[in-house]
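The structure appears below as C-alpha cells.
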Amino acid sequence: MNYHGEAIAGEAGTRMGTSGRRTVRDLRRGNRAMLLRALYFGGPATRNDLSAATGLSPATVSTMTGDLLSENVVVEAGQVDSDGGRPRVVLRVNPAYGYAVGVDVGETQVSVELFDLEMTKLARAHYAVRSARHDPELVARHILAGVDTVIAESEVPAERVLGVGVGVPGIVEPGPDALVRAKTFGWEAVPLGALLRAGTSLPLFVDNGAKTMGQAELWFGSGKGTRDAIIVLMGSGVGGTVVTDGQIYRGAGKAAGEVGHLKLVAGGRACRCGARGCLEAYLGAEAILDRGGVVADSADEEAALALLLDEGSPVIAESVELLGVGLSSLVHLFNPERIVIGGWAGLMLGGRMLAEIRAATAANTQAQPFQPETIVLGRLGPDAVALGAATLVLEPFFQGAAFQGAVSTIA
C-alpha cells in the first residue's frame, strides 16, 4: 500500500538514527504513527492487512492495535471471513476520537470550520473582512470567536479538539510567533501565532493558504495518489503548492511554491507584490478584471468574472493563453504527474475552459514530459483551504502527541 505517511516516518527514523539516540520509545512511536497512517489513508483494515501494509510483524500490530483500541483511537468496524479460520476483525480510526478546526483567512472573509477525523464538516462560522482593511488584531479576534462558535455549535467536547490550523496568504516563518508576511494584506512580520495564542490554549498551526489547499487536494482530492504534483490556487490572486515525492516542497526559507510570482513579462504589469510582470499581475480574478476594464470590489469579483465568461470577453481567451504559458514553465521545471487547478476563480475558469487550458499548456510545452489530460480541476471546492488547514493538526495525532498542550508552529 502506498500512503503518504511512509516518507515522514522514514525521515524521522533517519534523524533519530543519525543522532545515535533512537530509543525503544522512539521506535514504538514511529511504528504507531505508521500504523495510524495506514489505517487513516488506507481505510478500514484487518490486523493482517495492516501487517502487510506496514511491514510490521503480526505480533507488533496486535500489541499496538490493542493499545489503540483501549485508548479509543481505533474502533472495531465489523468482521470479514478468513480462509477456513475464524472471522477477522476490521479496524478503523475512530472519527469521534478528536476534532480539528480549520481556518481560511481570505481576501473578503475569515472562515472557521470544525471537522471530525474523517474530515466531515460539523460546523462553520464566517466573518466578512473589508478588502482594504485586514487589521491583524481584528482577524485574530474573528478566528478566536469562530473557534468558540464552531465548538459550541457542534456540541463536541472542547477537550477533544486536537488543535487549530490556519491558512493565510503570504509567507509564514517557522517559530512560536508564526510571523506572516503578506503584502496583499499590508502585513509585514505580523506575529499571528502570538496573537492567537493569547486567546486560546489549543495547539496552533499556521501555514500559507495555498499550501493548505494543496495538502487537502493531495490527501483527499484530485491530487490523491500522486507523488509529484503542482496544485495551483486561483482566487483574487494566484498561489501554489509543489509536491515532490509525496511531500510539500518548502525550500530553504519555507517560501517555495509562490507560483503567482513567476515572471511572464520582463518589466510588465505591476503586481501586488511590488514587482512587475508576475503571473499574478495577469491572472487571478483581480488582474483579469482589471485587464478587462472592470472595476469591482473584492466582494463582487466572483459575479464580475462570471459575467466576463458569459460575454466571451477577449480577456478570458488571453488569460487562458497566459495560464498555459505559466503552467508550461511549471511542467518544464518539475515534470509533475498531475497539475490541479483550484481556488474559486480557477474552478470557474477551468470549469468552462479546461480543454482550452490544456491546449494552451501543450502548445508551449515539449511533448515528451507532458500529457494534457494530467491537468485537472480540484475536487474540494471552496472549503479546500480550511480543510487543508485542519489537516495540519493531524501530525501530532499520528505521533500520539495530541492533547499535550499548546504549540504554535508551521506545518
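The values are calculated or read from the model by the stated rules, or taken from the named source; none is laboratory data. Owing to the predicted nature of the structure, the values given are computational and were not obtained by experimental measurement. Here Cβ is always computed from backbone atoms with ideal geometry, including for glycine, and neighbour counts include all displayed protein chains.
Here are some notes:
- Condition check for G163: in contact with a strand residue (DSSP E or B) (Cβ under 7 Å, 6 or more places away or on another chain) and on the phi > 0 side of the Ramachandran plot: yes
- All of V168, V156 fail the test of being surrounded by fewer than 24 Cβ atoms within 10 Å (Cβ to Cβ) and out of contact with any Lys or Arg (no Cβ under 9 Å at 6 or more places or on another chain), apart from V156.
- None of V110, V164, V147 is among the β-branched types (V, I, T), under 16 Å from the mean Cα position of the chain (by Cα), outside the structural domain of A53 (by TED's automatic domain parsing) and not in a loop (DSSP other than H, G, I, E, B) except V164.
- For region 244-302, filtering for residues that are aromatic (F, W, Y) and surrounded by fewer than 17 Cβ atoms within 10 Å (Cβ to Cβ) leaves 1.
- Within region 36-55, being under 18 Å from Q399 (Cα atoms) and in contact with a Leu (Cβ under 7 Å, 6 or more places away or on another chain) holds for A38, L39, L50, T54.
- With respect to the conditions (1) assigned to a helix (DSSP H, G or I); (2) of a type in the set (D, E); (3) modelled with pLDDT of 95 or more, E11 falls short on a single one, namely (3).
- Only one entry of A367, A402, A390 meets the criterion of being touching a strand residue (DSSP E or B) at 6+ places or on another chain (Cβ under 7 Å), over 22 Å from S313 (Cβ atoms) and at pLDDT below 95, and that entry is A402.
- All conditions but one from (1) touching a residue at least 24 places away in the same chain (Cβ under 8 Å); (2) out of contact with any Asp or Glu (no Cβ under 6 Å at 6 or more places or on another chain); (3) not β-branched (V, I, T) apply to S298; the one that does not is (2).
- Considered as a group, the residues in region 373-395 that are aliphatic (A, V, I, L, M) and assigned to a loop (DSSP other than H, G, I, E, B) include one that is surrounded by the most Cβ atoms within 10 Å (Cβ to Cβ), and that residue is L392.
- When E217 is tested against (1) closer than 16 Å to D383 by Cβ; (2) of a type in the set (D, E); (3) out of contact with any Gly (no Cβ under 7 Å at 6 or more places or on another chain), just one condition goes unmet, and that condition is (3).
- Against the list (1) assigned by TED's automatic domain parsing to the domain that holds V166; (2) without any contact (Cβ under 8 Å) to a residue 24 or more places away in the chain, the condition G66 fails is (1).
- Meets criteria (modelled with pLDDT under 90, closer than 20 Å to I316 by Cα, part of a loop (DSSP other than H, G, I, E, B) and outside the structural domain of L392 (by TED's automatic domain parsing)) for A296: yes
- Complete set of residues in region 56-98 that are assigned to a loop (DSSP other than H, G, I, E, B) and of a type in the set (A, V, I, L, M): L56, V73, A96
- Members of region 122-137 found to be loosely packed, with under 14 Cβ neighbours inside 10 Å and touching a strand residue (DSSP E or B) at 6+ places or on another chain (Cβ under 9 Å), listed by number: A128
- Options A367, A360, A355; residue that is of a type in the set (G, A, S), without any contact (Cβ under 8 Å) to a residue 24 or more places away in the chain, farther than 21 Å from L218 by Cβ and outside any loop (DSSP other than H, G, I, E, B): A355
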